[in-house]
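A short worksheet on the structure shown next.
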Amino acid sequence: MTYPEPSTPTRADEPAGLRVDMPADMPADAPADADAGAAAGAPDAWRQRAKTFALPAAAVAVLVVVALLGMGIVSRDTGELHIPGAGTTTLLRSVFLAALFLHLGEIAGHRLARTVPGAPEIRPPVWGIALSLAGAAASFGQIVQMADLGGMTFTETYATDPGGMLLLQANAFLAAAACVWLKRPAWAVLPLVAVIFSEAVRAHPELDTPEIGIALTTVHLTASALWTGGLVYALRAMHLWRQGAGPDSGTGAGPGRTLLGRYARMAAFLYVALAVTGTFSTLRRLPLDDIFSTAYGRTLLVKLALFAVVSVLALVARARLHRRQTAHRKVDPEAAVRPARAEVVMLVGVVAVSALLTVVPTPSW
């Protein structure tokens with residue numbers, strides 16, 4: 001006699017065709033545990049995502065606030081003529097400077113990362129094409145604004161000295177984007193240098209020794225680009241390397257710490273170049289009696305104040321970077337990164353104020 005095999009019992013309200021047999025070795029509470037783990041990890045993932053986008057959001061907010069409110073604040077009660085379209089011009093020039101600084105800093109940061117011993121092969125995603133296209137769009141936007149405010153055609157705008165310099169900058173940015181697209185990102189240095197030089201020529205139309213002002217501005221812009229863009233790239237690389245090595249690896253004794261240290265050594269020379277060229281440029285263009293009574297002088301004071309804060313943050317990051325771990329003191333891997341991130345936000349403010357400085361009326365002796 002044979003007996004039928006026992007079947008899995010079903011509920012009276014469960015259709016037989018939709019019944020799913022659970023494996024015998026699977027715990028009954030496994031799905032509940034998995035859902036609980038996913039729910040617990042969701043807030044952490046949200047916080048990590050918010051932390052990632054906090055810095056770019058703060059940077060964009062700083063640029064917009066300075067562009068919209070800067071001119072009205074610094075020119076109040078100065079008696080100077082109103083600059084039409086000052087807010088739009090400041091915003092376009094902020095995008096122009098940010099694109100230039102980040103692209104040139106990305107090239108320098110990539111080469112610096114290659115010198116770090118034991119560094120992972122992975123590199124941050126290349127932003128060069130997007131940055132150069134943004135810079136070209138900002139330059140073309142200024143041409144359109146000049147033509148609209150001046151009632152000129154594009155051909156007439158190109159014929160002016162400022163319009164010709166803007167056209168050269170836009171084409172140079174497009175050439176830099178083409179270099180990155182052709183997988184030759186290092187070649188983009190040449191058109192970016194052309195952008196810097198043309199901007200220095202545009203900013204110094206004075207008849208009295210313009211070559212000195214052009215040289216000072218060229219060095220100042222180059223140092224600013226390497227400082228700002230190099231720091232952003234270093235932080236991006238550190239974040240990427242830490243993610244690839246795992247959450248427990250940290251940045252305290254790895255290649256990320258070495259990269260930040262090498263950037264800090266480069267930044268020390270850039271700081272001297274910025275201080276010297278900025279001081280001489282100010283003495284050439286601004287009478288000391290007009291510091292508080294002109295929009296140019298007030299904007300320059302704001303820039304100097306921001307630069308002082310940036311200097312303090314850089315010194316704090318450098319001190320924490322060289323702090324050694326002992327038996328009685330542990331070194332936080334993020335100790336040097338936190339002030340460096342704050343330094344980036346302040347540098348964005350410096351870039352925005354620098355853009356405003358090119359829009360406000362220049363005092364005359």
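The values are calculated or read from the model by the stated rules, or taken from the named source; none is laboratory data. Treat the numbers as computed from the prediction; the structure is a model and nothing was measured. Note: ideal-geometry Cβ built from the backbone for every residue, glycine included; neighbour counts use all protein chains shown. The area values use the complete protein model at the heavy-atom level, side chains included, leaving out ligands, DNA and RNA. Shrake-Rupley method; radii C 1.70, N 1.55, O 1.52, S 1.80 Å.
Couple of notes before you dig in:
- Cβ-Cβ under 8 Å pairs, at least 6 apart or on other chains, the range 87-106 side assigned to a helix (DSSP H, G or I), far side open to solvent by 30 Å² or more (accessible area, probe 1.4 Å) and aromatic (Phe, Trp, Tyr): Leu102/Trp127; His103/Trp127; Glu106/Trp127
- Subset of the range 70-82 (residues that are modelled with pLDDT of 80 or more and surrounded by fewer than 17 Cβ atoms within 10 Å (Cβ to Cβ)): Gly72, Ile73, Arg76
- Qualifying position, being assigned to a helix (DSSP H, G or I) and either open to solvent by 60 Å² or more (accessible area, probe 1.4 Å) or modelled with pLDDT of 50 or more (or both), among Ala38, Ala28, Ala12, Ala24: Ala38
- Residues within the range 117-133 that are in contact (Cβ under 8 Å) with a residue 24 or more places away in the chain and open to solvent by 40 Å² or more (accessible area, probe 1.4 Å), tallied: 9
- The range 308-341, residues that are surrounded by fewer than 19 Cβ atoms within 10 Å (Cβ to Cβ), aliphatic (A, V, I, L, M) and either modelled with pLDDT of 75 or more or touching a Cys at 6+ places or on another chain (Cβ under 8 Å) (or both): Ala308, Val309, Val312, Leu315, Val316, Ala319
- Residues in the range 175-208 that are touching a residue at least 24 places away in the same chain (Cβ under 8 Å) and more than 16 Å from Leu104 (Cβ to Cβ) were compared, and the one that is surrounded by the fewest Cβ atoms within 10 Å (Cβ to Cβ) is Pro205.
- Residue check, Leu260 open to solvent by less than 70 Å² (accessible area, probe 1.4 Å) and modelled with pLDDT under 90: yes
- Qualifying residue in the range 275-298 (condition: within 20 Å of the chain's Cα centre (by Cα) and modelled with pLDDT of 90 or more): no
- Residue list for the range 275-292, restricted to those being surrounded by fewer than 17 Cβ atoms within 10 Å (Cβ to Cβ) and either part of a loop (DSSP other than H, G, I, E, B) or in contact (Cβ under 8 Å) with a residue 60 or more places away in the chain (or both): Phe280, Arg284, Pro287, Asp290, Ile291, Phe292
- Taking the criterion of being in contact with a Gly (Cβ under 8 Å, 6 or more places away or on another chain) and open to solvent by 50 Å² or more (accessible area, probe 1.4 Å), the only residue of the range 134-147 that qualifies is Met146.
- Within the range 103-112, restricting attention to residues that are hydrophobic (A, V, I, L, M, F, W, C) and buried (at least 24 other Cβ atoms within 10 Å of the Cβ), the residue that is farthest from Val359 (Cα to Cα) is Ile107.
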